[in-house]
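Colleague: Pasting a structure here, questions to come.
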Amino acid sequence: MERREFAKDILMTSVGTAILSPLNSILNNGKSPYLKIEFHPGSPQFGYFCIDSLGKNKLSENIILHDEEFAKKLLRSKQDKNSTRYFIESARTDSLPVWEVGVGERSFRISSNFKEDYQQPFLINIEQHANHATFLGMMDGEADKITLPAIFHFPDKGSLRVTCSVSGVKVTCSSQRFIEHPFVRVEFPAATDEHRQITYHFEVVAIHPAVKGIEHDKRYDCFRKNFISILQLNPFLKILANNTSSDACAFTLFKYATVAAATPELVKGLRANDLIRMTLDRYLAGQKGYGILGYDYDKECDIPETATTCHSLDSYPSLLMSACIYTDSSKDADWFLRNFAGIKAWADKMIAMDKDNDGLIEFCLSGNSGSWKGDKSQRPANWWDTIGFGHKDAYSNALAYRALVLFEKLTRQFGDSKHASYYKTKAEKLKSVYTTTFLNPETGILAGWKSADGKLHDYYFIFVNTVAISYGLIDDTLAHHIMDILIQKMKAVGYTNFELGLPGNLIPVIRADYTDLLPEVGGGKREDNLDGFQIYENGGATACFTYFTIHALQKLKRYKDADAILMPLLKSMSEGNFQGRCTNGKSKDWKSWSGECWGYEGFLVDNYMFLLAVQERALLNANERMIVDKGLNLTQRS
């Protein structure tokens with residue numbers, strides 16, 4: 001069934017209507033600080049649901065969306081202290097319940113007993129406006145079907161480990177955002193004649209790397225709850241995506257892979273790396289993602305016909321990096337060797353984008369000022385899809401260099417010295433011309449792109465410079481100089497509130513270099529685009545890419561500067577400032593410097609990559625940490 005047809009077939013209402021009153025409430029007499037659950041008295045679904053994986057009793061927000069249509073098949077329920085049982089209305093009083101739910105302090109279970117004429121699943125239906133939940137598990141190609149065990153993750157709240165008494169059971173997962181009440185819906189199938197009793201177990205957990213010294217420090221609560229929030233599985237596309245009901249972008253997979261490599265086992269039998277491998281397998285088999293020609297989310301909307309005639313410049317670097325990161329972190333040599341031809345094809349397609357053989361890859365569009373149509377029918381070279389990156393793009397080339405370095409390492413490790421030498425030569429050539437091509441002598445930092453007419457386009461792009469530093473394209477002396485300039489420029493333009501994250505650029509991108517001139521995405525009326533500045537990608541603040549700035553500063557041992565960004569951002573994320581929408585209807589993933597919301601996703605996983613910096617901070621030796629913790633003000637040199 002098409003996702004949009006599914007959405008038309010069900011009616012949703014918010015919790016709190018007369019239909020839900022009274023609710024069955026079982027909560028260990030209301031004393032559990034980890035979860036709060038209430039059940040609909042006449043159908044197997046929740047009426048109230050909230051978890052707090054840290055056990056701090058933050059349970060006041062109900063994230064359930066009640067399904068009226070589902071509730072039409074009424075059941076009879078009975079409740080005792082810590083359980084609720086559902087019976088078919090016509091069943092004898094001594095019959096087995098069709099569903100039974102039991103609750104503990106930080107866990108609950110849902111059990112089904114087989115009834116020949118009853119196959120209604122147990123429903124957990126999340127109001128996406130309340131929480132952008134995701135159900136993470138393996139999909140074998142069947143849309144909307146996820147095999148247990150799995151993780152039910154709730155950003156800003158924590159996770160549930162989900163296991164089943166019967167192996168191989170698949171749950172139905174679906175999601176939708178373009179309706180009045182967006183949802184994430186998971187249906188747990190009832191017992192069958194083959195398996196006459198099935199029990200689903202749910203355990204409240206916080207999944208994150210173990211970091212010594214921060215266990216009881218509340219400043220890191222969002223690290224513990226949100227470390228895996230960057231992983232969101234779209235059950236329609238069957239791969240990791242911007243969020244559970246949004247686009248899958250080939251050019252962001254390297255971010256997910258980087259986090260997955262540091263993530264402990266999600267649940268016995270499932271690792272974050274498994275989700276990366278599953279996504280890579282789909283791309284290797286020919287699946288499209290945003291950034292790859294031919295991608296169309298659902299044949300109805302989202303991605304219009306485009307005048308762009310090539311893949312985005314960062315797609316193949318991202319895919320190649322992801323394959324290498326997965327292989328290296330999982331030690332899955334068999335997978336790498338089995339898929340070597342496909343992975344190598346990504347590397348060779350990336351290299352083939354170097355049209356003039358100077359070592360840098362080039363985009364098919366010129367990037368010349370004034371060459372854009374001013375709408376979304378043309379997309380530029382990379383992730384920043386409203387800014388006119390074209391021709392020689394500094395960001396995509398930084399990714400290409402990193403991809404070549406990683407691929408050379410693995411091919412050499414597996415005994416292919418001939419190919420390894422070839423890719424090493426390509427990496428060295430790229431690096432040899434990178435700085436001389438992109439360094440702007442007028443500003444002393446890297447420009448964003450060099451257009452076909454030879455012009456450098458420099459808007460003080462923080463992310464371009466810090467990605468290049470992070471991936472080793474810039475020597476330390478120049479890197480320090482660049483960071484000094486960027487820090488001083490932030491002060492000069494008045495950007496001081498790091499709770500918002502960081503802007504991509506510190507001065508307005510002029511209209512002639514902006515690809516989409518709609519006001520809501522940063523397109524102003526003035527030629528200097530000052531009236532569009534701080535809106536969306538035109539200087540708007542976001543946590544996306546902030547990781548690279550923090551990491552670059554840590555790499556340069558400028559720990560005080562790194563913490564001056566990291567610690568306010570952790571505080572802000574702990575307060576839920578990167579999920580949901582503001583009163584103006586725009587979402588919190590992009591904000592003006594005064595905090596006005598300008599996003600549209602509702603939840604954008606890229607925002608959560610910066611949490612990696614918490615783990616990296618902990619790797620500092622004790623003396624360095626002591627210095628860091630004494631002061632958090634931005635300085636020229638720490």
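Colleague: Kindly indicate which of ILE207, ILE228, ILE292, ILE214 is hydrophobic (A, V, I, L, M, F, W, C), assigned to a loop (DSSP other than H, G, I, E, B), surrounded by fewer than 19 Cβ atoms within 10 Å (Cβ to Cβ) and out of contact with any Asp or Glu (no Cβ under 6 Å at 6 or more places or on another chain). Steps first, answer last, please.
Modeller: Working: ILE207 fails: surrounded by fewer than 19 Cβ atoms within 10 Å (Cβ to Cβ); ILE228 fails: surrounded by fewer than 19 Cβ atoms within 10 Å (Cβ to Cβ); ILE292 fails: surrounded by fewer than 19 Cβ atoms within 10 Å (Cβ to Cβ).
After ruling out the rest, the residue left standing is ILE214.
Colleague: Now, a different point. Which ones in region 321-365 are closer than 30 Å to GLU520 by Cβ and surrounded by 16 or more Cβ atoms within 10 Å (Cβ to Cβ)? Please lay out each step first, then the result.
Modeller: Taking region 321-365 as the starting set, the residues that turn out to be closer than 30 Å to GLU520 by Cβ are 363-365.
Matches in region 321-365: PHE363, LEU365.
Colleague: A further question follows. Looking for something within 24 Å of the chain's Cα centre (by Cα), modelled with pLDDT of 95 or more and among the hydrophobic types (A, V, I, L, M, F, W, C) - is there at least one such residue anywhere in region 172-180?
Modeller: yes
Colleague: Could you pull out every one of the strands (runs of 3 or more DSSP E) wholly within region 92-199 that has 1 or more residues that are touching a helix residue (DSSP H, G or I) at 6+ places or on another chain (Cβ under 7 Å) and of a type in the set (Phe, Trp, Tyr)?
Modeller: In region 92-199, there are no strands (runs of 3 or more DSSP E) which contain 1 or more residues that are touching a helix residue (DSSP H, G or I) at 6+ places or on another chain (Cβ under 7 Å) and of a type in the set (Phe, Trp, Tyr).
Colleague: In this structure, does SER112 turn out to be under 30 Å from ALA285 (Cβ atoms) and of a type in the set (Ser, Thr, Tyr)?
Modeller: No, not satisfied.
Colleague: Of these, LEU410, LEU478, LEU430, LEU446, which one is without any contact (Cβ under 8 Å) to a residue 60 or more places away in the chain, surrounded by 19 or more Cβ atoms within 10 Å (Cβ to Cβ) and either hydrophobic (A, V, I, L, M, F, W, C) or out of contact with any Cys (no Cβ under 8 Å at 6 or more places or on another chain) (or both)?
Modeller: Just a single option satisfies the conditions, and that option is LEU446.
Colleague: Being under 21 Å from VAL267 (Cα atoms) and charged (D, E, K, R) is the filter; apply it to region 110-155 and report the residue that is surrounded by the most Cβ atoms within 10 Å (Cβ to Cβ). Even if it seems obvious, please write down each step before you answer.
Modeller: Start the filter on region 110-155 by keeping residues that are under 21 Å from VAL267 (Cα atoms), which leaves 110-111, 124, 132-140, 144-155.
Among the residues that remain, those that are also charged (D, E, K, R) are: 140, 144-145.
Values: ASP140: 10, ASP144: 20, LYS145: 16.
So, considering only residues that are under 21 Å from VAL267 (Cα atoms) and charged (D, E, K, R), the one surrounded by the most Cβ atoms within 10 Å (Cβ to Cβ) is ASP144.
Colleague: Could you list, in sequence order, all residues of region 247-270 that are surrounded by fewer than 24 Cβ atoms within 10 Å (Cβ to Cβ) and not in a helix (DSSP H, G or I)?
Modeller: ASP247, ALA261, ALA262, THR263, PRO264, GLU265, VAL267, LYS268, GLY269, LEU270 - these are the residues of region 247-270 that are surrounded by fewer than 24 Cβ atoms within 10 Å (Cβ to Cβ) and not in a helix (DSSP H, G or I).
Colleague: Here's something else I'd like to know. With respect to ILE63, determine if the residue is buried (at least 22 other Cβ atoms within 10 Å of the Cβ) and β-branched (Val, Ile, Thr).
Modeller: Working: buried (at least 22 other Cβ atoms within 10 Å of the Cβ): yes; β-branched (Val, Ile, Thr): yes.
So ILE63 fits the description; yes.
Colleague: Right, something else. It is to be established whether one or more residues within region 226-247 are modelled with pLDDT under 95, within 14 Å of the chain's Cα centre (by Cα) and within 16 Å of ASN382 (Cα to Cα).
Modeller: yes
Colleague: Residue check, ASP156 against (1) in contact with a strand residue (DSSP E or B) (Cβ under 8 Å, 6 or more places away or on another chain); (2) farther than 16 Å from HIS66 by Cα; (3) modelled with pLDDT of 95 or more, all met but one. Which one?
Modeller: Every listed condition holds for ASP156 apart from (1).
Colleague: Going residue by residue through region 386-398, is there one that turns out to be surrounded by fewer than 17 Cβ atoms within 10 Å (Cβ to Cβ) and either closer than 25 Å to LYS489 by Cβ or outside the structural domain of ILE487 (by TED's automatic domain parsing) (or both)?
Modeller: Checked region 386-398: no residue is surrounded by fewer than 17 Cβ atoms within 10 Å (Cβ to Cβ) and either closer than 25 Å to LYS489 by Cβ or outside the structural domain of ILE487 (by TED's automatic domain parsing) (or both).
Colleague: Sticking with this structure for a sec: For region 473-492, name all the residues that are of a type in the set (Val, Ile, Thr) and out of contact with any strand residue (DSSP E or B) (no Cβ under 9 Å at 6 or more places or on another chain).
Modeller: Scanning region 473-492 gives THR477, ILE485, ILE487.
Colleague: Given the structure, is ALA622 surrounded by fewer than 24 Cβ atoms within 10 Å (Cβ to Cβ), closer than 28 Å to GLY213 by Cα and at pLDDT 95 or above?
Modeller: So ALA622 does not fit the description; no.
Colleague: Taking region 600-613, which residues are over 13 Å from the mean Cα position of the chain (by Cα) and either modelled with pLDDT under 95 or of a type in the set (Phe, Trp, Tyr) (or both)?
Modeller: TYR600
Colleague: Also, quick follow-up: Considering only region 306-353, state which residues are of a type in the set (Ser, Thr, Tyr), under 20 Å from ARG402 (Cα atoms) and either over 21 Å from the mean Cα position of the chain (by Cα) or not in a helix (DSSP H, G or I) (or both).
Modeller: Here is the first cut: in region 306-353, the ones of a type in the set (Ser, Thr, Tyr) are 306, 308-309, 312, 315-316, 318, 322, 326-327, 329-330.
Cutting the leftovers down to under 20 Å from ARG402 (Cα atoms) gives us 312, 315-316, 318, 322, 326-327, 329-330.
The one that is of a type in the set (Ser, Thr, Tyr), under 20 Å from ARG402 (Cα atoms) and either over 21 Å from the mean Cα position of the chain (by Cα) or not in a helix (DSSP H, G or I) (or both): SER312.
Colleague: Name every residue in region 444-454 that is farther than 16 Å from PRO380 by Cβ and touching a helix residue (DSSP H, G or I) at 6+ places or on another chain (Cβ under 7 Å), in order of residue number.
Modeller: GLY444, ILE445, LEU446
Colleague: Could you tell me how many of the residues in region 433-443 are surrounded by fewer than 23 Cβ atoms within 10 Å (Cβ to Cβ) and either aliphatic (A, V, I, L, M) or touching a residue at least 40 places away in the same chain (Cβ under 8 Å) (or both)? If you could, list the steps in order and put the result at the bottom.
Modeller: Initial filter on region 433-443 (surrounded by fewer than 23 Cβ atoms within 10 Å (Cβ to Cβ)): 433-437, 439-443.
Next, from what is left, pick out any that are either aliphatic (A, V, I, L, M) or touching a residue at least 40 places away in the same chain (Cβ under 8 Å) (or both): 433-435, 437, 439, 443.
Qualifying residue count for the region: 6.
The values are calculated or read from the model by the stated rules, or taken from the named source; none is laboratory data. Just so we're clear, the structure is a prediction, and the values are computed from it rather than from any experiment. Backbone-built Cβ (ideal geometry, glycine too); neighbour counts: all protein chains shown.
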